[in-house]
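Some notes on the structure that comes next.
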Amino acid sequence: MPISPDQKMELLVSLCKRRGFVYPDSDIYGGFANAFDYGPYGVELKNNIRDAWWKMFVHGREDVVGVDTPIIQHPKIWEASGHVAGFSDPLVEDKKTHKRYRLDHLLEVAGADITGFTFEQMAEKMRELQLKSPDGNPLSEPKQFNLMFKTGVGVSEDTASIAYLRPETAAGMFTTWRDIRDTMRKKLPFGIAQVGRAFRNEITPGNFIFRTREFEQMEIEYFVKPEDAPRAFEMWLAEQKAWVQDVLKLDPSRVVYREIPEADRAFYSSRSVDTEYLYPFGQKELYGLANRGAHDLSRHQEFSGEKLEWFDQETGERFLPHVVEPTWGLSRTVLAVLCEHLDIDEAEAVGGGEEPRMVLRLPPRLAPVKAAVLPLQKKDGLADIGRELVASLRRAGLVVEYDESGSIGKRYRRQDEIGTPWCFTVDYQTKEDGTVTVRDRDNMTQERVKKEEVAGWIAAKLVA
Ligand code: GAP
């Protein structure tokens, strides 16, 4: 009998804590719901994904430039973008426990098809179904709940003016659009990219790091001539697919590219395709892609009073470019990559008892640690040779670990659990001929490599 999706998730969460990928946040204060700390290996994995993304979509292209803009920007930006008026979820409260829920989620769980439903239609459906809370209690009337976190900017509380923590990184690309246009000598089409934190006061966060109040996004706003938007959309869809397959190595059978029906699209989007991944807890959104037309630039032009048009030198035309927006959630990518590549020995898992053998078969370029050096014994100079090897690999810019304690089997197993692709063992033959054994995480084969060639050997594997 295979392990259940719930068991898989439990094992993943426990491995993440035990091996320093993700810890529950504020644990010494009893925890803080739905907030997480990335531990030493989690932060390496997250940074490797972020760097691979930046390399592919910014450094790897002539037509994309990067920016880094503040989390707290001018509050008018969020009026222009429509977030102050309309960035909300339908909220209901359990009248007894006072727990809050998203009405659309409760309706979906109750089996109602609410595709394209307005807020009023959801409220009507709730009454029709006499919907109860998950604890079986009556629910309050629904209300719209704005997801933006408010804060105050100013020296004292009474004079502070309201500002918001950004709910998406995208706004920074629209506010820098004029300066990039005027200083970067780019021609249409071109994109502006940013990676950073976004904040949403999610009513029902959950599923580990899938939906949290604070998360990271990697986004591109790609500015095009209006007639080129459909072509740019196809190009970015192909790029998102390439990223998922070639970099993350997600099994295509677990990825769905879902065309979003008009009724479910944001009002400014003329086409949206979501990349969905089959997590153990269900098929859920991983990334988005939208054709936002001229919505953002026209609103920012209106609210700021600045001219944001493009002047086409060849035709003498002035127009507002249209925008195609591919967006990637970084925190969700970490979770998808962990779910995809965690290989659990199912026979041991269903056998009960201790935790089963688990191997994190991460693509090597994403792995937090690229190699471990393990002397067979501490004595007879093997440890010294191992330490020298580790120092040389660090000088070569590689993230490596040295481990001399415990049986070699246990040391391999620990490295397997954090996804280290290669373990180099220093043994007695090393003293004789200067070679070390390299053990491959995935096929468990062993070969001998000269100590001096290890850095080059790893580098060649990483680009292969
Ligand atoms: N600029 C467009 C935008 O923000 P979105 O679909 O709201 O679109 C983009 O968010 C991506 O950000 C999602 O596809 C998802 O990967 C990630 N994301 C959104 N809300 C999240 C949350 N509460 N926790 C973790 N990731 C989230």
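The values are calculated or read from the model by the stated rules, or taken from the named source; none is laboratory data. Not measured: the values here are computed from a predicted model. A quick note on method: Cβ atoms are made from the backbone with ideal geometry, for glycine too, and the neighbour counts reach across all protein chains shown. Protein only, heavy atoms only, side chains kept; ligands, DNA and RNA dropped before computing areas. Shrake-Rupley method; radii C 1.70, N 1.55, O 1.52, S 1.80 Å.
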Q. Do we have any residue at all in segment 182-190 that's among the charged types (D, E, K, R) and within 16 Å of the ligand (Cβ to nearest atom)?
A. no
Q) Does any residue of segment 77-96 turn out to be surrounded by 15 or more Cβ atoms within 10 Å (Cβ to Cβ) and at positive phi? A) yes
Q.
For ARG365, only one of the following conditions fails: (1) assigned to a helix (DSSP H, G or I); (2) touching a residue at least 40 places away in the same chain (Cβ under 8 Å); (3) in contact with a strand residue (DSSP E or B) (Cβ under 9 Å, 6 or more places away or on another chain). What is its number?
A. (3)
**Q.** Flag if ALA266 is at pLDDT 95 or above, of a type in the set (Gly, Ala, Ser) and farther than 30 Å from VAL463 by Cβ
**A.** no
(Q) If I filter segment 195-210 down to residues being open to solvent by less than 50 Å² (accessible area, probe 1.4 Å) and not in a loop (DSSP other than H, G, I, E, B), which single residue comes out as farthest from ASP68 (Cα to Cα)? (A) GLY206
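Tally up the residues in segment 268-281 that are of a type in the set (Val, Ile, Thr) and either near the ligand (Cβ under 10 Å from one of its atoms) or in a loop (DSSP other than H, G, I, E, B) (or both), please.
1
Looking at segment 309-341 only, could you name the residues that are more than 16 Å from the ligand (Cβ to nearest atom), open to solvent by 10 Å² or more (accessible area, probe 1.4 Å) and either on the phi > 0 side of the Ramachandran plot or not in a helix (DSSP H, G or I) (or both)?
Across segment 309-341, the qualifying residues are GLU309, TRP310, PHE311, ASP312, GLN313, GLU314, THR315, GLY316, GLU317, ARG318, PHE319, LEU320.
State the number of residues belonging to segment 211-229 that are acidic (Asp, Glu), open to solvent by 40 Å² or more (accessible area, probe 1.4 Å) and within 12 Å of the ligand (Cβ to nearest atom).
1
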Q.
Just to verify a result, which residue in segment 31-68, among those that are part of a loop (DSSP other than H, G, I, E, B) and either modelled with pLDDT of 95 or more or of a type in the set (D, E, K, R) (or both), is nearest to LEU366 (Cα to Cα)?
A. GLY39
Q. Here are some conditions: (1) open to solvent by 20 Å² or more (accessible area, probe 1.4 Å); (2) within 16 Å of the ligand (Cβ to nearest atom). GLN301 meets all but one. Which one does it not meet?
A. (2)
Q) Quick one: which strands (runs of 3 or more DSSP E) sit completely within segment 106-164 and have at least 1 residues that are closer than 12 Å to VAL92 by Cα and open to solvent by 50 Å² or more (accessible area, probe 1.4 Å)? A) 143-146
Q: Report yes if some residue within segment 282-297 is within 30 Å of LYS8 (Cα to Cα), within 16 Å of the ligand (Cβ to nearest atom), in contact with a Leu (Cβ under 7 Å, 6 or more places away or on another chain) and free of Cβ contacts under 8 Å to residues at least 60 places away in the same chain; otherwise report no.
A: yes
Q. Does any residue of segment 421-442 turn out to be open to solvent by 30 Å² or more (accessible area, probe 1.4 Å) and in a loop (DSSP other than H, G, I, E, B)?
A. yes
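Inspect all residues belonging to segment 230-249 and state whether any of them is aromatic (Phe, Trp, Tyr), within 16 Å of the ligand (Cβ to nearest atom) and part of a strand (DSSP E or B). It would help to see each step written out before you state the result.
If we filter segment 230-249 for residues that are aromatic (Phe, Trp, Tyr), which is where we start, we get 233, 236, 243.
Filter once more, keeping what is within 16 Å of the ligand (Cβ to nearest atom): 233, 236, 243.
In the following step, the residues that additionally are part of a strand (DSSP E or B) were identified as none.
Scanning segment 230-249, I find no residue that is aromatic (Phe, Trp, Tyr), within 16 Å of the ligand (Cβ to nearest atom) and part of a strand (DSSP E or B), so the answer is no.
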